[in-house]
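Chemist: Here you go, one structure.
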Amino acid sequence: MDFLISLYPWIKALHIMSVIAWMAALFYLPRLYVYHAESVGLEGETHALFQTMEYKLLKVIMNPAMIATWLFGLALAAIPGVIDWGAVWPWTKLIGILAMSGFHGWLSKQRKAFAAGGPVKTGRQYRMMNEVPTLLMVLIVLSVVLKF
């Protein structure tokens with residue numbers, strides 16, 4: 001564990017950068033779905049363009065960022081003294097992270113629905129779902145910073 005302790009600042013910095021990349025993608029992908037559902041439809045050149053953008057955002061940015069977030073987060077959790085497992089905040093943070101990961105999976109399923117030609121949600125439904133990562137981010141950040 002001394003090895004991890006000496007790397008703590010690096011692991012924390014990499015974790016924060018991974019979270020930022022993951023959150024950016026979690027905010028942007030549902031917005032792409034809104035435009036895809038409302039303005040593009042499920043066929044044609046623009047549909048193909050949106051499919052490419054959605055696929056690359058998910059596979060090239062969002063998935064690796066989520067994996068890195070989890071790996072660096074687990075490394076932080078393994079460092080003695082970083083987390084007081086007797087407190088409430090690590091558990092509320094974990095609930096938020098699991099929900100965020102579930103939302104990530106839901107977004108992935110939605111991309112597959114667009115690629116298959118439907119059925120897809122309405123633009124309004126995607127717009128409402130676009131608020132989920134914000135609410136989860138608030139829970140996670142407040143848990144970590146306020147340690148309630």
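Chemist: Taking the stated definitions as given, is LEU49 in a helix (DSSP H, G or I) and without any contact (Cβ under 8 Å) to a residue 24 or more places away in the chain?
Modeler: Numbers: in a helix (DSSP H, G or I): yes; without any contact (Cβ under 8 Å) to a residue 24 or more places away in the chain: yes.
Taking the combined requirement at face value, the residue satisfies it.
Chemist: Now, a different point. Within region 106-138, count every residue that is within 30 Å of ILE83 (Cβ to Cβ), surrounded by fewer than 17 Cβ atoms within 10 Å (Cβ to Cβ) and among the hydrophobic types (A, V, I, L, M, F, W, C). So that I can check it myself, show each step before the final result.
Modeler: Looking only at region 106-138, we keep the residues that are within 30 Å of ILE83 (Cβ to Cβ), and these are 106-108, 131-138.
Of the ones still in play, those that are also surrounded by fewer than 17 Cβ atoms within 10 Å (Cβ to Cβ) are 106, 108, 131, 134-135, 137-138.
Then keep just the ones that are among the hydrophobic types (A, V, I, L, M, F, W, C); that gives 106, 135, 137-138.
Counting residues in region 106-138 that are within 30 Å of ILE83 (Cβ to Cβ), surrounded by fewer than 17 Cβ atoms within 10 Å (Cβ to Cβ) and among the hydrophobic types (A, V, I, L, M, F, W, C) gives 4.
Chemist: Which residues, taken from region 113-129, are under 16 Å from TYR55 (Cα atoms) and in a helix (DSSP H, G or I)? Steps first, answer last, please.
Modeler: The first filter runs over region 113-129 and keeps only residues under 16 Å from TYR55 (Cα atoms), leaving 113-118, 120.
Selection gives ALA113, PHE114, ALA115.
Chemist: Could you list all residues from region 93-124 that are more than 17 Å from MET23 (Cα to Cα) and without any contact (Cβ under 8 Å) to a residue 12 or more places away in the chain?
Modeler: LYS109, LYS112, ALA113, ALA116, PRO119, ARG124
Chemist: Would you mind finding the one in ALA21, ALA25, ALA65, ALA13 that is assigned to a helix (DSSP H, G or I), among the small types (Gly, Ala, Ser), modelled with pLDDT of 95 or more and exposed (fewer than 13 other Cβ atoms within 10 Å of the Cβ)? Please lay out each step first, then the result.
Modeler: Details: ALA21 fails: exposed (fewer than 13 other Cβ atoms within 10 Å of the Cβ); ALA25 fails: exposed (fewer than 13 other Cβ atoms within 10 Å of the Cβ); ALA65 fails: exposed (fewer than 13 other Cβ atoms within 10 Å of the Cβ).
Selected residue: ALA13, the only one of ALA21, ALA25, ALA65, ALA13 that is assigned to a helix (DSSP H, G or I), among the small types (Gly, Ala, Ser), modelled with pLDDT of 95 or more and exposed (fewer than 13 other Cβ atoms within 10 Å of the Cβ).
The values are calculated or read from the model by the stated rules, or taken from the named source; none is laboratory data. All values reported here derive from a predicted model rather than from experimental measurement. Cβ sites come from the backbone with ideal geometry, for glycine too, and all protein chains shown count toward neighbours.
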